[in-house]
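Peer 1: Sharing a structure here in structure tokens format.
The values are calculated or read from the model by the stated rules, or taken from the named source; none is laboratory data. These numbers were taken from a predicted model, which means no experiment stands behind them. Positions of Cβ are backbone-derived with ideal geometry, glycine not excepted, and every protein chain shown enters the neighbour counts. The area values use the complete protein model at the heavy-atom level, side chains included, leaving out ligands, DNA and RNA. Shrake-Rupley method; radii C 1.70, N 1.55, O 1.52, S 1.80 Å.
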Amino acid sequence: MTSRREFIKITALGVGAIAAGTGMYKAGRFFALPDKPGKVDPDLTRTPTYCEVCFWKCAGWVYKNPEGRIWKITGNEEDQHCNGRFCPRGTGGVGMYYDGDRLKNPLIRVEERGKQVFREASWDEALEHVAGKMKNIASKYGPESIALFTHGSGSANFTTLVKAFGSGNIAEPSYAQCRGPRDEAFFATFGEEVYSPEVTDIRDTKCLVLIGSHIGENMHNGQIQEMSDAIDKGTTIITVDPRFSTAAGKSKYWLPIKPSTDLALLLSWTHEIIYNEYYDRKYVEKYCTGFDKLKEHVKDFTPEWAYGITTLKPDLIRKTAREMANASPAVLVHPGRHVTWYGDDTQRIRAIAILNALLGSWGRRGGFYRPAKFSLAQPDIPKFSEPARLAQDLFPGKYPVASSAVSNALIDATIPENNPGYPIKGWIVNATNLLSTIPNIPNTLKAIQNLDLLVAVDTMPMEITGWADVVLPECTYLERYDALRVAPHRKPAIALRMPAAEPMNNSKPGYWITRELSKKLGLASYFPFEKQEDLLDWQLKKAGTSLEEMKKSGVKTFEREQDDLYFAEDENVVFPTDSGKIELYSGYFEQLGFDPLPKYYPHEEPPEGFYRLIYGRAPMHTFGRTTNNPNLADLMDENCVWVNPKVANEWGLKTDQLVWLKNQDDAVTDFPVKVRVTERIRWDSVYIVHGFGHTGKQLSRAYGKGASDTRLITRVLVDPVMGGTGMRGNFVTFLTREPGKEVAS
Amino acid sequence: MRYAMAVDTKKCVGCSDCVVACQTENNVPIGFCRDWVVETMAGSYPQLEIEIRSERCNHCANAPCVRCCPTGASHFDTGGIILVKQNKCIGCGACIASCPYDARYPHPDGYVDKCTFCVQRIRNGMPPACAAVCPTKCIYFGDLDDPNSDVSLVLKKRKFKTLIPEAGTDPKLYFLI
Ligand code: SF4
């Protein structure tokens, strides 16, 4: 296999410099030291935190150097999320603190929206301004006309504020742009979701099946650690991906599927498992309903049928089905995480859930474990009044299964011509860059023009902050206390985040921001503790520990109340579904007019000369939020477009050549992007890493670097079940000259 | 005592955590690195193979950089680790040119820098920062003269290779294959 070789130095830094000439290192790549470094308590050599670079929330330690400045971050050995090892993003989290481009002062817009002309304001003035506008909106349209878009650990504070204000329009893009279909599909099948961190027992699995899920490029820490242990133990890994992902490179079987046909493969595997009697008969009889209907439903979905759709050889489909059966119940058909692909995503994940049920992996070692979560005492605050109008009333009858507000529906409701049930007039956007997160950027911008108030809370000048009326600079996770981490895991646990340094510049913690705002809105009783740390100490004392103790340990792990990580032999499990059983056939979906059993419907294919746009993750970045981080930009500062050599040949493209990408609706990338000619991608698709191509000039490292996939996702395939935004139905072609200059005059 | 490191290419995912952990641990200025990741791919769709390696100074037993250093700044230290005495280094770059692995870079403060196996950590009984952080646990470190060290044990169990063996440098960085 020497014919086609490709060699890439992923981190192409710093080597051979003298030989290569000295022009290689630009002074600009050195640390820009912050204007006003915060003071640090030199007595504390290390302080606990949990990471906020992604949302796996690993607990770790922040170390300071002898000068008392933040030096490095490492994992906490006691923590189940990370086992003492942070991922590259978490290790590079120091760059979030040191980034010289951070927001420094509250800003109030002085010119037309989007022109990015602001003046600096005091916190008091900025918050007064926000409170005044919020009250105006409430008196004119009702408090429900305020919507909150939020992400990350600061969400708790902003959610309390907005609920207290009287609105339930609180959306996390991690639902409808990411995990929502998965959560609803598992909920419909097992009555329970898979949580974050996922309750996937990768550590003990004998067969791991990844469907488009690229662990290893997606660095969710616990999963990659457990996958690596699994590789050591010789676990069979089956990866389904049109791209030869890193995980595919570690797999016994790689299924190079034609994109958008996963559901056909899943149905065919289901066929094989049922008709060869590979399924866990005892488990299915005891715990499942709807087996006969399922059996009848998949009767014709043979591997030969699937071959015609997926291009996967029938033999490969048979072999991999047998591998799963041999490992059963220690087999894990991974539910994925970012699953909003084609608009039938809830149904696709239902097929995954059904497969796991047939293999008996739910509640079993090597499949899915039962999570344990620590519950904290909650302070006495007034009851939230029930909002007069709910998110569902914006578009009655739409997305009936959605269990939380759908961010794209809130955005659509902000545009009056969509005839929403009631107007949305104010947005509070906390720690999420909606212009990178939500597909169809022109639609989001149109919505923004109809707002009376747009408040952006962030640590960085992201694209969304450029459109805000008021910008509130939050300090980073390294400079603040936050809610205690009580995420579900194998054992119940609490983790503490405390500041390692004082907030830099004039930035403030989210708790302080929301509490001050609550005072101006007459809602102070919802924030009874003056400081977040007082609340934490109160909660920790109720939990039998204290803030002082937690400052020393960072993490406290408890034993499970019962030894019930997995179902006991013959345990009578009552599932929290309508029937109390695992619902292979979903009566719930049927009632609502959706397919009770997943069906395969063909998706549109790329037109001649166009390629399906597939996007994904690089291990050193979390979406667009890290691409300006000095440490992480140093590891990867631009993306490139992966092109199969056959396609490159047709177009005459070479590696490192700059091209612009144009989609089926004539949307073009803002900047050119480098081509990477590689056998690792199918000829009918191209691939780019999400999060690049920032258009905000204040992001000095990320501005203009690479291409934004979001810019090219103008066609959104909305999941009718729960409102998820399917983003893989866009097709792109190459422009080899700068747009507008293609035709020589 | 002979310090050595082995990197498991079957587990490494090329995430570059080793790079950033080294940079923060050792205050390597941004824009430079002491370790890096290389990925090689062979075959054609869909018959493909990739190998991913975390690379750094090989701490060669027969080190051209030490041989060519005019001031003795590059030297063998305890356990065969190759170190650069910053105050003796004149930044002439001969060692950079002589290293077959491109492992050295000119530090902006005027001396040549490279991987030290985190000498400040290993002297205190801690593994190098890259080995300590790696989420895939693909980096094994220890003393080849101790048959029970992590590195000795894994080299006994697994097939391995070194890079550019024809250079005759006798590297102490092994890749498990
Ligand atoms: S997986 Fe990485 S980025 Fe995410 S919380 Fe853990 S260390 Fe941080």
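Peer 1: Taking amide hydrogens as modeled 1.01 Å from N in the peptide plane, which residues meet the under 5 Å criterion relative to A:Ile582, leaving out close sequence neighbours?
Peer 2: Those qualifying (amide H under 5 Å, at least 5 residues apart or on another chain) are A:Cys288, A:Thr289.
Peer 1: On to the next question. At q = 0.05, 0.09 Å⁻¹, work out log10 I(q)/I(0) for chain A with the Debye formula, treating every Cα as an identical point scatterer and leaving solvent out; two decimals please.
Peer 2: Debye intensities relative to I(0), on a log10 scale: -0.24, -0.85.
Peer 1: Given the DSSP H assignment, sum -39500 (n - 2.57) over each helix run of at least 4 residues in chain A and divide by its residue total; what's the result at 222 nm in deg cm²/dmol, nearest 500?
Peer 2: Taken over chain A, the calculation gives -7500 deg cm²/dmol.
Peer 1: Normalise the Cα radius of gyration of the stretch A:566-684 by 2.2 N^0.38 Å (N = residues in it) and let me know the number.
Peer 2: 1.69
Peer 1: Apply the Karplus curve 6.51 cos²θ - 1.76 cosθ + 1.60, θ = phi - 60°, to the phi angles in the stretch A:503-512 and return the couplings in whole Hz, x for Gly and Pro.
Peer 2: x, 6, 6, 10, 7, 9, x, x, 4, 4
Peer 1: With Kirkwood's inverse mean 1/r over C-alpha pairs for Rh, give me the Rg to Rh ratio of the stretch A:365-474, two decimals please.
Peer 2: Result for the stretch A:365-474 is an Rg/Rh of 1.06.
Peer 1: State in Å² the accessible area per residue of chain B; use a 1.4 Å probe, count heavy atoms of protein chains only, and round to the nearest integer.
Peer 2: Spelled out: the 1.4 Å probe surface of chain B, per residue, equals 37 Å².
Peer 1: Along the charge dipole of the stretch A:611-735, pointing to its positive end and built from +1/-1 on Cβ of Lys, Arg, Asp and Glu, which listed residue (A:Gly726, A:Val673, A:Gly624) has its Cα farthest out?
Peer 2: Projecting each Cα onto the dipole axis, the largest value belongs to A:Gly624.
Peer 1: Amide H to amide H under 5 Å from A:Ile170: which residues, 5+ apart in sequence or cross-chain, H placed 1.01 Å off N in plane?
Peer 2: Placed amide hydrogens put A:Leu148, A:Ala405 under 5 Å from A:Ile170.
Peer 1: From the phi of every residue in the stretch A:345-353, what ³J(HN,Hα) in whole Hz does the Karplus formula 6.51 cos²θ - 1.76 cosθ + 1.60 yield, where θ is phi - 60° and glycine or proline is x?
Peer 2: 5, 4, 5, 4, 6, 4, 4, 5, 4
Peer 1: Next up: For the stretch A:661-730 and the stretch B:31-59, what is the separation of their Cα centres, given in Å?
Peer 2: What the calculation gives is 26 Å, centre to centre.
Peer 1: So which trypsin sites (Lys or Arg not before Pro) in the stretch A:382-446 are both in a DSSP loop and have at most 13 other Cβ atoms within 10 Å of their Cβ?
Peer 2: A:Lys383
Peer 1: List the pairs from A:Lys233/B:Lys161; A:Lys383/A:Lys446; A:Lys57/A:Lys163 whose alpha-carbon separation is above 32 Å, in the order I gave them.
Peer 2: Violating the 32 Å Cα-Cα cut-off are A:Lys383/A:Lys446.
Peer 1: Ignoring ligands, DNA and RNA, please state the percent of accessible area on the stretch B:3-176 from carbon and sulfur, probe 1.4 Å.
Peer 2: 51 percent
Peer 1: Give, as a single signed number, the net charge of other residues whose beta carbon lies under 13 Å from the beta carbon of B:His75, with Lys and Arg counted +1 and Asp and Glu -1. Kindly include the intermediate steps, with their values, before the conclusion.
Peer 2: Values: positive: B:Arg67, B:Lys85, B:Lys88, B:Lys114; negative: B:Asp77.
Charge balance near B:His75 sits at +3.
Peer 1: First compute the accessible area of the stretch A:340-379 with a 1.4 Å probe, then give the percent of it belonging to carbon and sulfur atoms.
Peer 2: Answer for the stretch A:340-379 is 46 percent, counting heavy atoms of protein chains only.
Peer 1: Sticking with this structure for a sec: Write out the trypsin sites (Lys or Arg not before Pro) in the stretch A:659-745 meeting two conditions: DSSP loop, and at most 14 other Cβ atoms within 10 Å of their Cβ.
Peer 2: Filter output for the stretch A:659-745: A:Lys697, A:Arg737, A:Lys741.
Peer 1: Can I ask one more? For the pair A and B, how large is the buried accessible area, both sides, in square angstrom to the nearest 100, if the probe is 1.4 Å?
Peer 2: 4900 Å²
Peer 1: Okay, next question. Accessible surface of A:Trp123 in the full protein assembly, 1.4 angstrom probe, to the nearest 10 Å²?
Peer 2: A:Trp123 exposes around 20 Å² with every protein chain in place.
Peer 1: Hand me the trypsin sites (Lys or Arg not before Pro) from the stretch A:87-135 located in a DSSP loop with no more than 14 other Cβ atoms within 10 Å, in residue order please.
Peer 2: A:Lys115
Peer 1: Of A:Ala156, A:Gly168, A:Tyr588, which is farthest towards the positive pole of chain A's charge dipole, taken about the Cα centre with +1 and -1 on the beta-carbons of Lys, Arg and Asp, Glu respectively?
Peer 2: Towards the positive end, the residue furthest out is A:Ala156.
Peer 1: Continuing with the same structure: In debye, nearest 20, what is the charge dipole magnitude of chain A about its Cα centre with +1 on Lys and Arg Cβ and -1 on Asp and Glu Cβ, if you could check?
Peer 2: About 1420 debye.
Peer 1: Regarding the stretch A:686-734, what are the three Cα extents along the principal axes, ordered largest first, in Å?
Peer 2: For the stretch A:686-734, the Cα extents along the three principal axes come out at 41, 25, 15 Å.
Peer 1: Of all the C-alpha pairs in the stretch A:188-258, what % are more than 20 Å from each other?
Peer 2: Taking all Cα-Cα pairs of the stretch A:188-258, the fraction more than 20 Å apart is 29 percent.
Peer 1: Taking the Cβ of A:Pro335 as the center, what net charge do the other residues with Cβ under 14 Å away carry, scoring Lys and Arg +1 and Asp and Glu -1?
Peer 2: Here the count lands on -3.
Peer 1: Mind scanning A:Lys286/A:Lys319; A:Lys250/A:Lys662; A:Lys115/A:Lys425 and naming the pairs with a C-alpha gap bigger than 24 Å?
Peer 2: Numbers: A:Lys286/A:Lys319 28 Å; A:Lys250/A:Lys662 33 Å; A:Lys115/A:Lys425 20 Å.
Too far apart for the 24 Å limit: A:Lys286/A:Lys319; A:Lys250/A:Lys662.
Peer 1: Right, something else. Keeping all protein chains in place, calculate the accessible area per residue for chain A (probe 1.4 angstrom), answer in Å². The partial results should precede the final answer.
Peer 2: Working: 27300 Å² over 745 residues.
With all protein chains present, chain A gives 37 Å² per residue.
Peer 1: So what's Rg/Rh here for the stretch A:624-745, counting alpha carbon atoms and using the Kirkwood radius for Rh? Walk me through the intermediate numbers first.
Peer 2: Details: Rg = 15.2 Å, Rh = 15.3 Å.
Rounded to two decimals, Rg/Rh equals 0.99.
Peer 1: Let me ask something additional. Rounded to the nearest Å, what's the spacing between the alpha carbon centres of the stretch A:174-196 and the stretch B:107-139? Just the number, please.
Peer 2: 41 Å
Peer 1: To the nearest 10 square angstrom, what accessible area does A:Ser260 show with a 1.4 Å probe?
Peer 2: 10 Å²
Peer 1: Please report, for the Cα atoms of chain B, the Rg to one decimal and the Dmax as a whole number; what are they, in angstrom?
Peer 2: Answer for chain B, Rg first and Dmax second: 16.0, 53 Å.
Peer 1: Now, a different point. Report, to two decimal places, the Cα Rg of the stretch B:101-176 normalised by 2.2 N^0.38 Å (N = number of residues).
Peer 2: Here the Cα radius of gyration is 1.25 times the empirical estimate.
Peer 1: Please list log₁₀ I(q)/I(0) at q = 0.22, 0.24 Å⁻¹ for the stretch B:53-127, using the Debye equation with identical point scatterers on the alpha-carbon positions.
Peer 2: Treating every Cα as an identical point scatterer, log10 I(q)/I(0) equals -1.00, -1.16.
Peer 1: How many nm separate the modelled label positions at A:Ser553 and A:Glu738, each set 7 Å beyond the Cα in the direction of the Cβ?
Peer 2: 6.1 nm
Peer 1: OK, next. Please give every one of the aspartates and glutamates within straight-line cross-link reach of A:Lys599, meaning a C-alpha to C-alpha distance under 18 Å, and leave out same-chain neighbours fewer than 8 residues apart.
Peer 2: A:Glu184, A:Asp262, A:Glu272, A:Asp292, A:Glu296, A:Asp300, A:Glu304, A:Asp344, A:Asp345, A:Glu583, A:Glu590, A:Asp719
Peer 1: Let me ask another. How much solvent-accessible surface does B:Phe141 expose, in Å² to the nearest 10, with a 1.4 Å probe and all protein chains in place?
Peer 2: Only protein atoms counted, so the area is about 30 Å².
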